[in-house]
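Notes follow once the structure below has been shown.
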Amino acid sequence: MVRTFGCQMNEHDSERIAGLLEHDGLEPVADEGLADVVVLNTCCIRENADMKLYGTLGTLKKWKDADPNRQIVVAGCLAQKDRESVRTRAPWVDVVMGTHNVHRAAELLHQSSESGGVTEILDEAIVDDYALFPSALPVRRETSYRSWVTIQIGCDNTCAYCIVPAVRGKEISRPIDDVLGEVRSLAAGGVTEIFLLGQNVNSYGRDLALASRRAGDDTVRIAPQFAALLREVGAVPGVRRVRYMSPHPKDMREDTLLAMAETAAVCEHLHYPLQAGSDRVLAAMHRGYTAERYLDRLAEARRTIPDLAVTTDIIVGFPGETEGDFQRTMEVAAAAEFDSAYLFIFSPREGTAAAAMVDDFCDPAEVGERYERLKVVLDRSAVLKHRGRIGRIEEVVVEGNSKRNPAHLTGRTRQNKLVHFSSDEQLRVGTYARVEIVDAARFHLAGRFVEVTALPVHRTRIAVTSA
Ligand code: 5AD
Ligand code: SF4
């Protein structure tokens, strides 16, 4: 059983760990009570993951005491950061492995069965080792029609609040042929939606050209660009949708917007993290743009890509944020007219620049109040955006039965909006269908089935009969 905390990158790592362990003969179960191995894939980006992890490990101690053959693995960012101290604080943990050791999951479990607990943390990813990217590893995908594809790991930026550069290391891009190879094989297996993952996708390829030059060969003379990658991924036969995350507003360029607009498969959705609306706070965060520049580029994106949905991340309560700064965030957020937003309360991450600004930490009660006020602005703009879609016919990919009403189906539009819709036909997961939008709420749309546009390609069912 693999429990994940955190971002898509982490979820994808979990799929890789699950895939490797399945390959090694383990079978996935949903219930801890039935498991022999529990993997906790940790995240330390925002919450006090420490508390959560050690709390969970406390509970798992009893689980392990019931059968000493059971094994506990702690993986992910928090493992990378805390290293040896995980096993000092929870000596019943069997394996601690970092973010660059995912490929070693099965070996480390064997090693610990033979000789007791192990901790293995690599400081950096090994280039050219298949440790780096998942193409050579078995992956257990959570959905049949959509797959994450890592195009880059690590991050070279220095956002003052962010722990990612410390735990995920420097930026390393995956060679374009390798990415395309994985996409082609996924598409051949019936995957129709590709979600490209990187911390800072706009700088994709920069390091490849540099590394090649440094090595004295100029195989990669010109850095492959993210825009080119988007176009090529979108051209792979069978790929109907391409999404990506996350771009950095300071590096967003026209060629990427054009590639989005001109590549039919690339979805009209841009996740565009604002973080703050005050230029003073943006500078303190080291974000590299002003609010005005952010809004200008957003306007350009909307001009270039018709019907673009825009989502964002915003942090409330960055050290030193005044009421005036916060007002500016409210104004910019309102002006940006986001389709939806992830709102975070600043959380000091040990070792980051912002964590040292203790004297400027905001009053938690005030931050809580700001959070609620901003949420009102963001919710209002989400509802307005959603209402604007009523009466339209949109294509969705079916995700399954609706959790709110099992008689309905749930699908996702190209703008990444969830639609709960009625249908007389039971459509299989992965079907593409056109749906008429009849109603809208904050987090979803309601619709009516119109027609199927494409059936799922993946083969999941088999009938064996004797003739
Ligand atoms: N505190 C609060 N939010 C954070 N994020 C990253 N680090 C922190 C932190 N220390 C948010 C940012 C980022 C998203 C993935 O998480 O908004 O875009
Ligand atoms: Fe963190 Fe900034 Fe890198 Fe994003 S761009 S991962 S927020 S340092």
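The values are calculated or read from the model by the stated rules, or taken from the named source; none is laboratory data. Fair warning: this is a prediction, and the values are worked out from it, not measured in the lab. Using ideal geometry, Cβ is built from the backbone for each residue, glycine included, and neighbour counts are taken over all protein chains shown. SASA here: full protein model, heavy atoms, side chains in, ligands and nucleic acids out. Shrake-Rupley method; radii C 1.70, N 1.55, O 1.52, S 1.80 Å.
For a modelled paramagnetic label at residue 330, 7 Å from Cα along Cα-to-Cβ, the residues of the stretch 359-379 in reach, with backbone nitrogen under 15 Å, are 366-379.
Annotation: extensible slack from residue 337 through residue 51 equals 99.4 nm (criterion: 0.36 nm per residue apart, minus Cα-Cα distance). With contacts taken as Cα pairs under 8 Å at a separation of at least 6 residues, the chain carries a relative contact order of 10 percent.
Here's the picture: a label point sits 7 Å out from the Cα of residue 283 along the beta-carbon direction, and within the stretch 315-342 the residues with their amide nitrogen under 18 Å of it are 318-329. Per the Debye formula on identical point scatterers at the alpha carbon atoms of the chain, with no solvent, log10 I(q)/I(0) at q = 0.10, 0.12 Å⁻¹ is -0.83, -1.22.
Cα-Cα over 27 Å: which of 250/375; 61/403; 81/403; 375/403; 81/417; 170/250? With Cα atoms farther than 27 Å apart: 61/403; 81/403; 81/417.
Against the empirical 2.2 N^0.38 Å (N residues), the stretch 393-466 has a Cα radius of gyration ratio of 1.16.
For residue 293 and residue 376, a Förster radius of 22 Å and the Cβ-Cβ distance give a FRET efficiency of 0.25, rounded to the nearest 0.05.
Heavy-atom accessible surface of the stretch 252-368, averaged per residue, reaches 41 Å², computed with a 1.4 Å probe. The modelled label-to-label distance between residue 158 and residue 36, using points 7 Å beyond Cα along the C-beta direction, is 4.9 nm.
Model label points for residue 363 and residue 404, set 7 angstrom from Cα along the Cα-to-Cβ axis, are 3.8 nm apart.
Of the accessible area of the stretch 317-383, computed with a 1.4 Å probe over protein heavy atoms only, carbon and sulfur atoms account for 54 percent.
Annotation note: trypsin sites (Lys or Arg not before Pro) in the stretch 159-194 located in DSSP loop regions with a Cβ neighbour count of at most 15 within 10 Å are 170. In this structure, residue 383 and residue 23 have a Cβ-Cβ separation that, at R0 = 56 Å, corresponds to a calculated FRET efficiency of about 0.75. Of the trypsin sites (Lys or Arg not before Pro) in the stretch 404-433, the ones in a loop by DSSP (not H, G, I, E or B) with at most 11 other beta carbons within 10 Å are 404. Taking all protein chains as shown and a probe of 1.4 angstrom, residue 251 keeps an accessible surface of around 40 Å².
Test of the criteria: in the stretch 350-409, which GluC sites (Glu not before Pro) are in a DSSP loop and have at most 12 other Cβ atoms within 10 angstrom of their Cβ? The qualifying sites are 350. Does the stretch 185-324 classify as rounded, prolate or oblate by the C-alpha gyration tensor (a ≥ b ≥ c root eigenvalues; a/c under 1.5 gives rounded; else a/b over b/c gives prolate, otherwise oblate)? Note, shape of the stretch 185-324 comes out oblate. Under conditions of 10 °C and 1.306 mPa s, the stretch 327-422 yields 97 µm² s⁻¹ as its translational diffusion coefficient, taking Rh as the Kirkwood radius over Cα pairs in the Stokes-Einstein equation.
Shape annotation for the stretch 141-267: C-alpha extents along the principal axes are 37, 37, 29 Å, from largest to smallest. Within the straight-line cut-off of under 23 Å between alpha carbons, the lysines reachable from residue 62 are 52, sequence neighbours fewer than 8 places apart in one chain being disregarded.
As a fraction of the 1.4 Å probe accessible area of the stretch 392-445, surface on carbon and sulfur atoms comes out at 44 percent. If you look at the Cα atoms of the stretch 2-120, you get an Rg and a Dmax of 12.8, 36 Å.
Here the calculated FRET efficiency for residue 452 and residue 62, from their Cβ-Cβ distance with R0 = 56 Å, stands at 0.65, rounded to the nearest 0.05.
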